[in-house]
Every structure is written in C-alpha cells, then in structure tokens.
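Here the structure comes first, spelled out in structure tokens, and everything after it is commentary.
The values are calculated or read from the model by the stated rules, or taken from the named source; none is laboratory data. Since the model is a prediction, treat every value here as computed from it, not as a measurement. Here the Cβ positions follow ideal geometry from the backbone for every residue, glycine too, while neighbour counts run over all protein chains shown. The accessibility values were calculated without ligands, DNA or RNA, using every heavy atom of the protein model including side chains. Shrake-Rupley method; radii C 1.70, N 1.55, O 1.52, S 1.80 Å.
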Amino acid sequence: MKTIWHNLKELLINTFENIGLAWWVEIVTQNPRCTYYFGPFLSSSDATLASKGYIEDLELEGATGIVVSVKRCKPNTLTIADDLGERFDRKVQPAFGGQI
C-alpha cells in the first residue's frame, strides 16, 4: 500500500509541476548571493517541513542571511548565483524521485 501511495503522490506532484501548481522552497542567501529552489512538493506543508533540512545544509556550508519562502511556482533554474552572474542547474532529484 505504501508503494501505491508513493506512486500516486509522485504522479500528482509531476502533474502539479507540469501545470505550475507545485510548491517549491525558495531560499535566498546574502553570502554567497544565491537563490536556490528545492522541490517540487505536493503541499506547502511538505515544502515547509523539507525546508528545515535545506537550511541546515546551507548553514553548514557557511551561508548567511538566509531568507526562506514557500510558494507555488515553476522555476526554470534551480540555482542562481548572483555574485557570479551565473545560472546553473544543480543535479538534484525532485522530492519523490521523478524527473523535473
């Protein structure tokens, strides 16, 4: 039953992502000056819960001035490094292992 729920949830996330209704965690850091997107998620509560781990990882990497937003969006780029003038995609898996 758990596998069926996991597959259904992944299908719903992919559908929501395709139509721009998935939830994402946007994290902006002042140092380094970057914007990160993590997701997609089915609900804002799932995204909020997951954001804690992303914040911890960024803090361990030395990031400061962290501002977190949970929003419905469809980011084209997952990491934007403002101080380097670069946009690049991190090689990440979405929350439930599907392809973005």
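For segment 15-43, the set of residues classified as open to solvent by 50 Å² or more (accessible area, probe 1.4 Å), assigned to a helix (DSSP H, G or I) and touching a strand residue (DSSP E or B) at 6+ places or on another chain (Cβ under 9 Å) consists of Phe16 only.
Each row is one residue, and each column tells you yes or no for (1) at negative phi; (2) outside any helix (DSSP H, G or I); (3) of a type outside the set (Ser, Thr, Tyr); (4) touching a residue at least 24 places away in the same chain (Cβ under 8 Å).
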site: Leu12; (1), (2), (3), (4): yes, no, yes, yes
site: Ala47; (1), (2), (3), (4): yes, no, yes, yes
site: Asp57; (1), (2), (3), (4): yes, no, yes, no
site: Asn76; (1), (2), (3), (4): yes, yes, yes, no
site: Ile80; (1), (2), (3), (4): yes, yes, yes, yes
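Filtered by the rule that a residue be in a strand (DSSP E or B) and open to solvent by less than 80 Å² (accessible area, probe 1.4 Å), segment 60-74 gives Thr64, Val68, Ser69, Val70, Lys71.
Put simply, of Lys52, Lys2, Lys9 the only residue that is farther than 21 Å from Asn76 by Cβ, of a type in the set (Lys, Arg), open to solvent by 60 Å² or more (accessible area, probe 1.4 Å) and more than 16 Å from the chain's Cα centre (by Cα) is Lys2. Only one residue in Pro40, Pro32 is touching a residue at least 12 places away in the same chain (Cβ under 8 Å) and within 14 Å of the chain's Cα centre (by Cα). Which one? Answer to the check: Pro40.
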